[in-house]
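The values are calculated or read from the model by the stated rules, or taken from the named source; none is laboratory data. Everything numeric here is computed off the predicted structure, so don't read it as measured data. A quick note on method: Cβ atoms are made from the backbone with ideal geometry, for glycine too, and the neighbour counts reach across all protein chains shown.
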């Protein structure tokens, strides 16, 4: 028996921040879509926009490129929505985002990049985390991509974009979603192959007087003179 997704309220700490669509006269996000039979150059821009949104700028590496998916999109064999799912399902996305985070942080990353908004609250984070734990990543991706929210805002042919202008982080100011680093938790340093040094013994500081002089050091001569004067 499958577990139904938990119900949660549509509330968030930055719910008062206007979306792009409600800011008349302000700079609007550029929409990348395949609706109007894009040229080769425009298709390059669409593909780049999808990588930038899903992988974020600091994760766009040669290893993250999915040449086969790009070819399918160029020849109209798949839709933009399928291309986005292919990027999410890639080994590189899993390695850079899922393997180095817990489910809660991974949910935040995916909601921000796929739906273009911040997570509503901890209740929503918990609901999606249960889906990941019980049904797996593919079901979680399908839940996001087939949601009414995604279909209404992006459909099958529009590259997801950041619908909210900014988010606010205490002591860090306002930064876009796609510039947030996906790895913030020190408890996952081991998963990132980062060194973790621990020292259980006493901490001792050494003064210069405790250091042994090396060959050619004038201190050797001074020590010798001092010992000779004491001996005399």
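State whether the residues of segment 59-67 include one that is in a helix (DSSP H, G or I) and either surrounded by 13 or more Cβ atoms within 10 Å (Cβ to Cβ) or modelled with pLDDT of 95 or more (or both).
yes
Can you tell me which of 76, 122 is over 17 Å from the mean Cα position of the chain (by Cα) and at positive phi?
76
If I go through segment 92-139 residue by residue, how many of them are assigned to a helix (DSSP H, G or I) and free of Cβ contacts under 8 Å to residues at least 40 places away in the same chain?
Total satisfying the criteria: 17.
Among the residues that make up segment 146-154, is at least one of them in contact with a strand residue (DSSP E or B) (Cβ under 8 Å, 6 or more places away or on another chain) and either buried (at least 19 other Cβ atoms within 10 Å of the Cβ) or in contact (Cβ under 8 Å) with a residue 24 or more places away in the chain (or both)?
Looking for residues that are in contact with a strand residue (DSSP E or B) (Cβ under 8 Å, 6 or more places away or on another chain) and either buried (at least 19 other Cβ atoms within 10 Å of the Cβ) or in contact (Cβ under 8 Å) with a residue 24 or more places away in the chain (or both), one finds none in segment 146-154, hence no.
Checking residue 21 against (1) under 27 Å from residue 128 (Cβ atoms); (2) at pLDDT below 90; (3) assigned to a loop (DSSP other than H, G, I, E, B), which single condition isn't satisfied?
Looking at each condition in turn, residue 21 falls short on (3).
Go through the residues of segment 81-99 one by one and say whether even a single one is out of contact with any helix residue (DSSP H, G or I) (no Cβ under 9 Å at 6 or more places or on another chain) and closer than 14 Å to residue 158 by Cβ.
No.
Just checking, how many residues over segment 35-58 are loosely packed, with under 14 Cβ neighbours inside 10 Å, in a helix (DSSP H, G or I), touching a residue at least 60 places away in the same chain (Cβ under 8 Å) and out of contact with any helix residue (DSSP H, G or I) (no Cβ under 7 Å at 6 or more places or on another chain)?
1
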